[in-house]
Amino acid sequence: MSPQIAAGFVLAATLLLSGCGSGEPNKAASTTAKTTSQAASSTPGEKKTAAVTVGVQDMKFSPAEVTVKVGDTVTWKFKDSVPHTVQGIGDKAMGINSPIFDKGEWSYTFFAPGTYRYLCSLHPQMRGTVTVE
Ligand code: CO
């Protein structure tokens, strides 16, 4: 490729980019913002997040009431002899909906302040609350 042709390519590419309409910059910006927020949530120190653990055993959530900050993750650890779930009560907690667990753990990250009530769908008397502030 001669230098003249190469220069022509660069010019054409530049024109193409600059003439590319208003949609492209917005798309690029939103992609960048998403990447940045994901990086922030996984980088300790920039925004401090905490992990709170709730045990699920002896037919109850323990502690049944926890308080966390926006962006914190709550992890339920299932260690009972019977299976349980974590299921939100009402519209606000609708996203809280774990599979049925015999053993293992399940996490949910809270991004909006408020009080989230939940129960075990297999044993509705098992109830808990996560307060996000
Ligand atoms: Co249960």
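Side notes on the structure shown:
- The combined condition, being polar (S, T, N, Q), under 19 Å from Thr49 (Cα atoms) and either over 16 Å from the mean Cα position of the chain (by Cα) or surrounded by fewer than 16 Cβ atoms within 10 Å (Cβ to Cβ) (or both), is fulfilled by Thr67.
- Looking only at residues in segment 73-106 that are β-branched (Val, Ile, Thr) and under 15 Å from the mean Cα position of the chain (by Cα), the one that is most open to solvent (accessible area, probe 1.4 Å) is Thr73.
- Selected residue (criterion: farthest from the chain's Cα centre (by Cα)) from residues of segment 107-133 that are within 13 Å of the ligand (Cβ to nearest atom) and open to solvent by 40 Å² or more (accessible area, probe 1.4 Å): Gln125
- Residues of segment 89-106 satisfying the condition of being within 16 Å of the ligand (Cβ to nearest atom) and either under 21 Å from Glu133 (Cα atoms) or not aliphatic (A, V, I, L, M) (or both): Ile89, Ile96, Asn97, Ser98, Pro99, Phe101, Asp102, Lys103, Gly104, Glu105, Trp106
Table: residues versus (1) within 16 Å of the ligand (Cβ to nearest atom); (2) acidic (Asp, Glu); (3) touching a helix residue (DSSP H, G or I) at 6+ places or on another chain (Cβ under 9 Å).
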position: Thr49; (1), (2), (3): no, no, yes
position: Phe61; (1), (2), (3): yes, no, no
position: Thr73; (1), (2), (3): no, no, no
position: Trp76; (1), (2), (3): yes, no, no
position: Pro83; (1), (2), (3): yes, no, no
position: Gln87; (1), (2), (3): yes, no, no
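The values are calculated or read from the model by the stated rules, or taken from the named source; none is laboratory data. All values reported here derive from a predicted model rather than from experimental measurement. Note: ideal-geometry Cβ built from the backbone for every residue, glycine included; neighbour counts use all protein chains shown. Quick note on the areas: whole protein, heavy atoms, side chains included, nothing else; ligands and nucleic acids left out. Shrake-Rupley method; radii C 1.70, N 1.55, O 1.52, S 1.80 Å.
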